[in-house]
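Working notes, beginning with the structure itself.
The values are calculated or read from the model by the stated rules, or taken from the named source; none is laboratory data. Since the model is a prediction, treat every value here as computed from it, not as a measurement. Glycine gets a Cβ as well: all are built from the backbone with ideal geometry, and neighbour counts include every protein chain shown.
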Amino acid sequence: MRYFVTGATGFIGKRLVKKLLERKGSVVYFLVRQGSESKLKALREFWGASAARVIAVTGDLTSKKLGVSADAIKQLKGQVDHFYHLAAIYDLGADAASQIVVNVEGTRNTIELARAIDAGHFHHVSSIAAAGLYEGVFREDMFNEAENYEHPYFLTKHESEKIVRTECKVPWSVYRPAMVVGDSQTGEMDKIDGPYYFFKLIQRMRQLLPPWLPSIGLEGGRINIVPVDFVVAALNTISHQKEIGNRCYHLVDPVGYRVGDVLDIFSKAAHAPKMNLFINAALLGFIPRSITKGLMALAPVRRVRAAIMKDLGLPEDMLTFVNYPTRFDCRETLAALKGTGVACPNLRDYAWRLWDYWERHLDPDLHIDRSLRGTVGGKVVLVTGGSSGIGLAAAHKLAEAGAITLICGRDQNKLDEACAEAKARGYRFIAYAVDISEAEACASFVAQVSQDHGGVDFLVNNAGRSIRRAIESSYDRFHDYERTMQLNYFGSLRVTMGFLPGMVAKHHGHVVNISSIGVLTNAPRFSAYVASKAALDAWTRCASSEFADQGVTFTTINMPLVRTPMIAPTGLYNNVPTLSPEEAADMIAQACIFKPVRIATRLGITGQVLHALLPRVAQIAMNTSFRMFPDSSAAKGAKPGDKPPKQQLSAEAVAMQQMMRGIHF
């Protein structure tokens with residue numbers, strides 16, 4: 001047998017050629033564009049065939065008779081038993097003009113060549129999209145009944161098949177594959193398409209939620225999915241049978257699934273939360289089109305929709321097909337495949353292979369440099385309070401990643417020690433001695449950094465002061481609130497607002513604000529500290545909204561308790577589970593890399609939710625912990641040098657400390 005194949009380098013075409021070459025004595029001619037000769041060696045290696053069995057024919061799908069030369073046509077005349085036309089644009093997002101040129105005119109040009117070389121049989125690989133959005137069951141003998149195919153992809157698939165039916169003088173057969181996914185045995189796929197668009201959403205659910213948590217899925221129309229190996233096997237088997245002329249075959253899954261079922265199957269394959277409750281997307285149909293059109297006319301709505309679609313990697317047209325209304329009858333295909341051993345496998349049996357291949361090879365995040373070095377390498381990063389604790393650990397991590405690392409602090413000796421330590425490790429810090437709680441000093445500092453480095457790319461507002469003292473012990477200590485606010489809130493604002501104009505001018509910049517888990521849990525005894533951090537959180541939320549379209553982003557880290565010199569005066573923290581400064585620095589690194597709006601522990605989020613939903617319960621819980629833990633010696637008025645009294649915690653207090661890791665008591 002001798003064959004001619006267009007689209008032989010495509011996902012389906014490569015596998016079809018390989019299958020055809022398994023037939024004894026077979027020779028395959030295939031179309032290649034001018035200048036693609038360099039790819040031939042790799043193709044022949046994939047096919048495991050010599051140049052004598054797979055013969056390249058130079059041409060162009062957009063030219064008459066595919067642009068094949070007269071000499072080549074003469075040599076091919078009468079030599080081709082089966083002509084397979086697979087070349088097409090299989091992309092919902094492609095522009096209409098290119099789809100018309102390739103899918104419609106390309107099919108007409110292909111038919112002209114098939115007739116010119118007197119091909120024995122013309123096999124046109126169409127698509128179930130040729131049916132448009134037909135309401136009901138679409139049979140294999142139906143064509144003119146197609147409806148609602150105004151979308152360019154549906155339209156060009158319908159029109160190209162129409163050309164075959166009306167203009168092809170060679171005996172023809174049409175094959176309509178369903179949505180083609182990867183190989184059912186290996187999972188191999190060449191691009192993100194169809195159900196793969198929802199994989200990122202499923203992956204996000206897995207990252208955020210435990211697998212046992214029931215979740216809500218989206219129910220919709222029926223979606224038909226087939227693996228590429230079934231399509232190739234069915235096409236190869238049917239095309240070599242007799243009496244298939246002028247007939248159409250649906251290469252579809254006889255079972256078919258609703259959109260919700262498909263999402264649930266892949267969620268299970270991904271070990272993501274199982275979708276136990278489904279919301280039927282058709283319910284949204286009761287909303288008048290005028291209302292939805294009016295909403296989409298609002299700029300904020302359009303921007304939110306575009307941001308969500310971009311973040312999840314969904315094409316703009318994807319939601320149009322969630323309520324896909326068509327089911328496909330395939331009795332002719334089943335009859336042709338009966339007894340051949342070729343059958344469409346069950347999606348539940350191979351979904352895990354598709355997911356595994358996608359996550360290992362196609363996940364868009366794999367091709368993004370998510371390393372800290374790729375994010376901050378060569379960039380100017382300022383860490384306030386960088387001479388000790390969290391700030392110093394973060395500065396080391398950033399400098400190791402190649403950042404131009406600036407640190408500031410009040411104590412010149414500590415800054416010098418930090419710089420010496422960095423030098424010993426093979427990199428350097430650039431230190432500035434400044435008290436950012438003082439307005440004039442801070443303004444001079446910002447001006448100096450802007451002059452020396454042209455501003456900063458990343459700002460880590462870490463400098464802070466913590467005071468652990470009950471309100472009832474603070475009646476005559478209003479200055480505690482003033483000095484805490486001066487550094488934690490006003491100091492951070494002075495630095496941030498000093499560098500914001502430069503970030504806006506460059507349309508690039510990221511600010512990381514170190515807040516506290518206490519803001520989420522409303523920790524007693526920390527009213528001064530929590531209030532100052534809550535003020536910074538509120539300002540950051542406002543700033544995030546104002547600068548969202550100017551390339552400047554903000555991350556708030558609600559940091560749990562970290563073992564630093566700041567907590568050293570509180571003796572009862574000696575045996576409390578805490579984060580190390582290095583673990584806290586890892587959180588800062590993640591903030592720089594991924595730039596999330598907020599980073600918080602699950603315990604902190606739980607506390608915030610509890611305060612929002614059951615505020616009275618939250619108050620009782622926090623009041624109980626407040627009475628359970630004593631004030632520190634300093635809070636009780638002890639003077640420096642006084643020997644602190646031995647504090648004996650109850651068994652309940654020790655248990656609570658261990659259970660609530662990172663909470664400020």
Do you know which residues across region 372-392 are among the small types (Gly, Ala, Ser) and buried (at least 24 other Cβ atoms within 10 Å of the Cβ)? 385, 386, 387, 391
Among the residues of region 484-499, is any farther than 30 Å from residue 448 by Cα and in a helix (DSSP H, G or I)? no
Just checking, does region 166-187 include any residue being under 30 Å from residue 359 (Cα atoms), part of a strand (DSSP E or B), polar (S, T, N, Q) and touching a residue at least 12 places away in the same chain (Cβ under 8 Å)? no
Out of the residues in region 358-392 that are part of a helix (DSSP H, G or I) and of a type in the set (Gly, Ala, Ser), state the one that is nearest to residue 428 (Cα to Cα). 391
Give 538, 543 a once-over and let me know the one that is in contact with a strand residue (DSSP E or B) (Cβ under 8 Å, 6 or more places away or on another chain), among the small types (Gly, Ala, Ser) and either modelled with pLDDT of 75 or more or assigned to a helix (DSSP H, G or I) (or both). 543
Under 7 Å by Cβ, and 6 or more places apart or on different chains, what pairs join a residue from region 408-419 that is over 18 Å from residue 495 (Cβ atoms) with one that is of a type in the set (Val, Ile, Thr)? 418/407
Could you grab me the full set of residues in region 61-100 that are under 39 Å from the mean Cα position of the chain (by Cα), in a helix (DSSP H, G or I), of a type in the set (A, V, I, L, M) and surrounded by 15 or more Cβ atoms within 10 Å (Cβ to Cβ)? 100
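So, in region 596-615, exactly how many residues are of a type outside the set (A, V, I, L, M), touching a residue at least 12 places away in the same chain (Cβ under 8 Å) and loosely packed, with under 15 Cβ neighbours inside 10 Å? I'd like the intermediate steps shown before the answer.
Applying the first criterion (of a type outside the set (A, V, I, L, M)) to region 596-615 yields 596, 598, 601-602, 604, 606-608, 611, 615.
With the extra rule that they be touching a residue at least 12 places away in the same chain (Cβ under 8 Å), the set shrinks to 596, 598, 601, 604, 607-608, 611.
Narrowing the set further to residues that are loosely packed, with under 15 Cβ neighbours inside 10 Å leaves 596.
Number satisfying all stated conditions: 1.
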Cross-chain or 6+ apart pairs with Cβ under 7 Å, region 434-453 first and within 12 Å of residue 495 (Cβ to Cβ), then of a type in the set (Asp, Glu): 441/435
Among the residues in region 40-61, are any in contact (Cβ under 8 Å) with a residue 24 or more places away in the chain, under 21 Å from residue 245 (Cβ atoms) and not hydroxyl-bearing (Ser, Thr, Tyr)? no
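A quick yes/no check of all residues on (1) more than 22 Å from residue 488 (Cα to Cα); (2) over 30 Å from the mean Cα position of the chain (by Cα); (3) of a type in the set (A, V, I, L, M, F, W, C); (4) modelled with pLDDT of 85 or more:
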{"position": "557", "(1), (2), (3), (4)": "no, no, yes, yes"}
{"position": "576", "(1), (2), (3), (4)": "yes, yes, yes, no"}
{"position": "586", "(1), (2), (3), (4)": "no, no, no, yes"}
{"position": "589", "(1), (2), (3), (4)": "no, no, yes, yes"}
{"position": "599", "(1), (2), (3), (4)": "no, no, yes, yes"}
{"position": "624", "(1), (2), (3), (4)": "yes, yes, no, no"}
Working carefully through the options 135, 112, find the one that is acidic (Asp, Glu) and farther than 26 Å from residue 242 by Cα. 135
Over region 437-471, the set of residues at pLDDT below 95 and touching a Cys at 6+ places or on another chain (Cβ under 9 Å) is 463
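So which residues in region 34-55 are in contact with a helix residue (DSSP H, G or I) (Cβ under 9 Å, 6 or more places away or on another chain) and either surrounded by 11 or more Cβ atoms within 10 Å (Cβ to Cβ) or in a helix (DSSP H, G or I) (or both), if there are any at all? Can you show your working first?
Here is the first cut: in region 34-55, the ones in contact with a helix residue (DSSP H, G or I) (Cβ under 9 Å, 6 or more places away or on another chain) are 34, 43, 46-51, 53-54.
43, 46, 47, 48, 49, 53, 54, listed by residue number.
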Condition check for residue 137: surrounded by fewer than 19 Cβ atoms within 10 Å (Cβ to Cβ), outside any loop (DSSP other than H, G, I, E, B), aliphatic (A, V, I, L, M) and touching a strand residue (DSSP E or B) at 6+ places or on another chain (Cβ under 7 Å): yes
Residues in region 420-441 that are surrounded by 21 or more Cβ atoms within 10 Å (Cβ to Cβ) and touching an Asp or Glu at 6+ places or on another chain (Cβ under 8 Å): how many? 1
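Give the number of residues within region 326-357 that are of a type in the set (Val, Ile, Thr) and assigned to a loop (DSSP other than H, G, I, E, B).
Narrowing region 326-357 to residues of a type in the set (Val, Ile, Thr): 326, 333, 340, 342.
Right, trim to assigned to a loop (DSSP other than H, G, I, E, B) and you get 340, 342.
Qualifying residue count, region 326-357: 2.
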Residue list for region 6-17, filter: in contact (Cβ under 8 Å) with a residue 40 or more places away in the chain and among the basic types (Lys, Arg): 15
Cβ pairs under 6 Å, 6+ apart or interchain, first in region 393-407 and part of a strand (DSSP E or B), second small (Gly, Ala, Ser), ordered by first then second residue, are 405/395; 405/399; 407/386; 407/395; 407/431
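Do we find a residue being small (Gly, Ala, Ser), over 30 Å from residue 409 (Cα atoms) and at pLDDT below 85 anywhere in region 310-321?
From region 310-321, those small (Gly, Ala, Ser) are 313; that's our starting set.
Within this subset, residues satisfying the condition of being over 30 Å from residue 409 (Cα atoms) are 313.
Checking the rest, the ones that are also at pLDDT below 85 come to 313.
Yes.
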Okay, helices (runs of 4 or more DSSP H) sitting entirely in region 228-296 with 2 or more residues that are at pLDDT below 90, I get 259-269, 289-296
